[in-house]
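Q: Take this structure, written in structure tokens, and hold onto it; I'll ask about it next.
Just so you know, all these numbers are worked out from the coordinates, no wet-lab data involved. What you are looking at is a predicted structure, and each value in this text was computed from that prediction instead of being measured. Note that each Cβ is placed from the backbone with ideal geometry, even for glycine, and that neighbours are counted across all protein chains shown.
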Amino acid sequence: MTATLLALDTSGSTGSIALCRGEKLLAEILFNVHGTHSERLMSGVRQVLADTDTALGAVDAFVVVQGPGSFTGVRVGMATAKGLALATGRPLIGVSSLQTLAMNVPEAEYPVCALLDARKKEVYAGLFRMRRGHPAPLGEERVIAPLELVRRMQGPALFLGEGAVAYRNLIEEYLGTEAHFAPWVLHSPRASMAALIGLERLRQGETHTPQTLNAAYIRPSEAEIAWSLKDPGQGLQG
């Protein structure tokens, strides 16, 4: 039986929802948000299900982009996917936003450097080699200053993502003709690409429950940093 997957990506400023049956894309919605993803996410889920005449109970697994990316966006997507999985009893599959982004260039000749803007003059970075249309990691995903990243690069690479757009001048300055860039339309992760990764993992039995799937933020949030800096004895005196 061909599996039906519903995939959600809210890791960046562009969100998307995709419904796939096997490797066939049934419907996909992409949207730019000026508020929060929560304002569009569930209405988008209902729309792709309605447009394809698919019942929620007919979905075999839910795929969610678990980060890195916007802390708020990732939380919204994770919470929604976990709620859908709980409601239906279906498994969850978490995928990386950087791997999802790399899926936009399945036939890339060079190593693919996927970059998302991490703010604070840093990027979330992942380096991949495309093998049979899927991204194989060439190292751990990390948050890094763009200058440090380009100083570590060896040989030509294909850059894509909003981080590549934001720091293109710097990348070209240091790497010259060894820096290649994807067309602008490929710089955003898409839920349909996450679904393809999720389908492969479903076939391999690599699934989670809402209790076992965690977000992949890479670095702590501002709230976590603030909490760790607090005096352990604060609030105990007086």
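Q: Which value results for Rg/Rh of the chain when Rg is the Cα radius of gyration and Rh the Kirkwood radius based on the inverse mean 1/r?
A: Details: Rg = 18.7 Å, Rh = 18.5 Å.
With Rg and the Kirkwood Rh in hand, the quotient comes to 1.01.
Q: Cβ neighbours within 10 Å, averaged per peptide: list 203-216, 53-66 in order, most packed at the top.
A: On the way: 203-216: 13.7, 53-66: 20.1.
Ranked from most to least packed, the peptides come out as 53-66, 203-216.
Q: Also, I was wondering about something else. Identify, among PHE128, HIS180, LEU160, the residue whose Cα sits farthest towards the positive end of the charge dipole of segment 105-186, taking +1 on the Cβ of Lys and Arg and -1 on the Cβ of Asp and Glu, with the dipole about the Cα centre.
A: Comparing the listed Cα positions along the dipole, PHE128 ranks first.
Q: Whole Å is fine, so just give me how far the alpha carbon centre of segment 1-77 lies from that of segment 112-186.
A: The distance from the Cα centre of segment 1-77 to that of segment 112-186 comes to 26 Å.
Q: Projected onto the charge dipole of segment 1-101 (+1 at Lys/Arg Cβ, -1 at Asp/Glu Cβ, origin at the Cα centre), which of THR2, SER70, LEU101 gives the Cα projection farthest towards the positive end?
A: The residue sitting most towards the positive pole is SER70.
Q: Bin width 5 Å, origin at 0, all Cα-Cα pairs of segment 105-186: what percent of pairs per bin?
A: 3, 16, 29, 29, 18, 5, 1, 0
Q: Restricting the count to DSSP beta bridges whose residues both fall in the chain, what percent are antiparallel, rounded to a multiple of 5? Intermediate results must be reported in sequence, preceding the final value.
A: Details: 28 of 42 bridges.
Counting DSSP beta bridges with both partners in the chain, the antiparallel share is about 65 percent.
Q: May I pose another question? In debye, nearest 20: dipole of segment 105-186 around its Cα centre with unit charges on the Cβ of K, R (+) and D, E (-)? Show your work: numbers first, answer last.
A: Values: 10 positive and 11 negative charges, 39 e Å.
Computed charge dipole of segment 105-186: roughly 180 debye.
Q: Let me ask something else about it. What's the magnitude of the charge dipole for the chain around its Cα centre, counting Lys and Arg as +1 and Asp and Glu as -1 at the beta-carbon? Answer in Debye, nearest 20.
A: 320 debye
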